[in-house]
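The values are calculated or read from the model by the stated rules, or taken from the named source; none is laboratory data. Here the structure is a predicted model, which is why all the values come from computation and not from measurement. Here the Cβ positions follow ideal geometry from the backbone for every residue, glycine too, while neighbour counts run over all protein chains shown.
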Amino acid sequence: MGVYKRLRCCGCDFKKIMIKRLDNVKLNIFEKEDKLAEIARKKLGKDIKYIKILRKSLDARDKDKVCWVYSLAVSSERIEESAKELEKLPSAPKVAVIGGGPAGLFCAVRLIQHGFAPVIIERGESVENRRKTCEDFFCNKKLNVNSNVQFGEGGAGTFSDGKLNTQTHDGLNKDVLELFCRFGAPQEILYSNKPHIGSDKLFTVLQNIRKYVIDNGGEYLFNTLFCGLTQKNGKIQSVIIKNLKTQTESELKFDCVVAALGHSARDTFKMLNKSGLAMQPREFAIGVRIEHSADTIGFAQYGKNYKMLPAADYKLVSHAHPRTVFTFCMCPGGVVIPAASEEGGVVTNGMSLYARNGANSNAAVMVQMHKQDFGEGLFDGMEFQRMIERKAFEAGGGNYKAPVQLFGDFLRGRNSAEFGEVKPTFASGTKLAPLDGVLPSVVTQALKAAIPDMGKRLRGFDSAYAILTGVETRFSSPVRILRGGTGESCSLQGFYPCGEGSGYSGGITSSAADGLKIAEKIYEKYKTH
């Protein structure tokens, strides 16, 4: 069908142009995208001067005829698209953004677009220094409890492949992708069915965001812990911060504070509870990382020509057990990484680089937990997570090695003696150990029912040689900081809970979108003043 669109065209200002949308355009896996213009020309019967990919996905239902499927916007006229400018406040109030993960950073960027100059307070390090600190932990077991895979510039998403697929349908998701591209992410995330950036490219994106924030009057305070707040008549007055290098505390006054804490800021949650903020416990999921060879997953998904295609992914759900079991944060051609943020605990996460060309593929296999499993108290879920992490630490030998077990042995309740065709990638080392002693029985029983069930839909998923690495506990925040329709805390005016740590998102895209949403709430509040 044809649509009219007002765009800058051929030097003329915002002229009406006819754009044609073409759906279900197919290329076999041996054809190059250059052919898309030729296909569009044949369908329109005229020269194509503008072509834009709107959507790209892989159709692998018939493994003998795997093909790429596109939706295109095309026109016979040249088109130059320009970014929209947002309205700015002539005099903006002072805003603190606590946390430099996706929610905090995108909130800060949108605030700048509206004329604010936010101060980002981050307990961890800049991404350059954080990367070195994490490598030191991976190799030498030296854990920095304030700068690690969970804390630091970019948040936990920095070390998780930068997957941008989301189940939410927030209208701001498109803005998130466009902003990522503006700061250096690959353009294909705008149209890919399963967009990802890759942790290696995310490092550059984060540095570009930082430059933008600083160049526009914003400020970063790295190695700075948010450790308290003051309030008056139910309104935020200031935040208390501690410089973690000098161990000195100071008080900074702000008109409003955005709390984009991340899901692992356990000490901060407790501090906010003591400060009287309205909070409630949340249910979450725990599980393990499962590793297969990337070739196994590629062949199962795409057939004999899998090496001609990007590393294969999957998303599986099983109801073979009363508890729902699902895969999460699947990393094609990736590795399992140490993600602890507290001493004496083992936590896993998955990471892929942009190329996704590693020998193994991994994913979290998660089991839904309920309050009956860990208690009704506000922090019972958090303590439950901590208990599982400490059990994993002990089972791994007490030096941040992860306990691992071959799935075939796990299923039959026997100890693993050696690895088979799949070798573990966990950077801090592994120890063969039974996971029954680490995970609650409801979790192990659910995994033993679900993984074979998933294997019925993805051949090889339940391979006896697949490696289970424990434990995956940081799926989501175990608490929620309650907020109202204005985006502010239900109990403290001017305090804006935001993102995954406050219980309002899950994953990079939805967290970034929530950051944009809170920035708009703040703008709307002060625009009317």
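Quick look at the numbers
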| quantity | calculated |
| --- | --- |
| Number of positions in region 365-382 that are on the phi < 0 side of the Ramachandran plot, exposed (fewer than 15 other Cβ atoms within 10 Å of the Cβ) and in a loop (DSSP other than H, G, I, E, B) | 3 |
| Residue that is over 28 Å from the mean Cα position of the chain (by Cα), among the acidic types (Asp, Glu) and not assigned by TED's automatic domain parsing to the domain that holds LYS194, where the choices are GLU81, GLU85 | GLU81 |
| Check on ALA265, of a type in the set (A, V, I, L, M, F, W, C) and under 21 Å from MET330 (Cβ atoms) | no |
| Verdict on PHE180 being modelled with pLDDT under 95 and aromatic (Phe, Trp, Tyr) | no |
| Among (1) without any contact (Cβ under 8 Å) to a residue 60 or more places away in the chain; (2) part of a strand (DSSP E or B) - the single one ILE120 does not satisfy | (1) |
| Condition met for THR486 (part of a helix (DSSP H, G or I) and without any contact (Cβ under 8 Å) to a residue 40 or more places away in the chain) | no |
| Extreme residue, surrounded by the most Cβ atoms within 10 Å (Cβ to Cβ), among residues of region 12-45 that are touching a strand residue (DSSP E or B) at 6+ places or on another chain (Cβ under 7 Å) and either assigned by TED's automatic domain parsing to the domain that holds LYS304 or at pLDDT below 90 (or both) | ILE17 |
| Condition met for LYS391 (surrounded by 18 or more Cβ atoms within 10 Å (Cβ to Cβ) and among the charged types (D, E, K, R)) | yes |
| Lone qualifier among VAL145, VAL97, VAL149 - being within 14 Å of the chain's Cα centre (by Cα) and not in a helix (DSSP H, G or I) | VAL149 |
| Condition broken by VAL442, with the remaining ones in (1) buried (at least 17 other Cβ atoms within 10 Å of the Cβ); (2) free of Cβ contacts under 8 Å to residues at least 60 places away in the same chain satisfied | (2) |
| Filter result (under 17 Å from ASN165 (Cα atoms) and part of a helix (DSSP H, G or I)) within region 489-514 | GLU500, ILE508, THR509, SER510, SER511, ALA512, ALA513, ASP514 |
| Tabulated pairs, region 264-292, first over 15 Å from VAL479 (Cβ atoms), second charged (D, E, K, R), C-beta under 8 angstrom, 6+ apart or interchain | ILE286/GLU472; GLY287/GLU472; VAL288/GLU472; ARG289/GLU472 |
| Matching option when the condition is among the basic types (Lys, Arg) and part of a loop (DSSP other than H, G, I, E, B), among ARG356, ARG390 | ARG356 |
| Test result for ALA519, assigned to a helix (DSSP H, G or I) and touching a Cys at 6+ places or on another chain (Cβ under 8 Å) | yes |
| Single unsatisfied condition, ALA312 versus (1) closer than 29 Å to SER441 by Cα; (2) modelled with pLDDT of 95 or more | (1) |
| Residues being crowded, with 17+ Cβ neighbours inside 10 Å, touching a residue at least 60 places away in the same chain (Cβ under 8 Å) and assigned to a strand (DSSP E or B) - total across region 46-69 | 3 |
| Members of region 198-257 found to be aromatic (Phe, Trp, Tyr) and not in a strand (DSSP E or B), listed by number | PHE203, TYR212, PHE222, PHE254 |
| Selected residue [of a type in the set (Val, Ile, Thr) and surrounded by fewer than 22 Cβ atoms within 10 Å (Cβ to Cβ)] from THR473, THR509, THR486, THR469 | THR486 |
| Number of the exception - ARG356 against (1) out of contact with any strand residue (DSSP E or B) (no Cβ under 7 Å at 6 or more places or on another chain); (2) over 20 Å from TYR306 (Cβ atoms) | (2) |
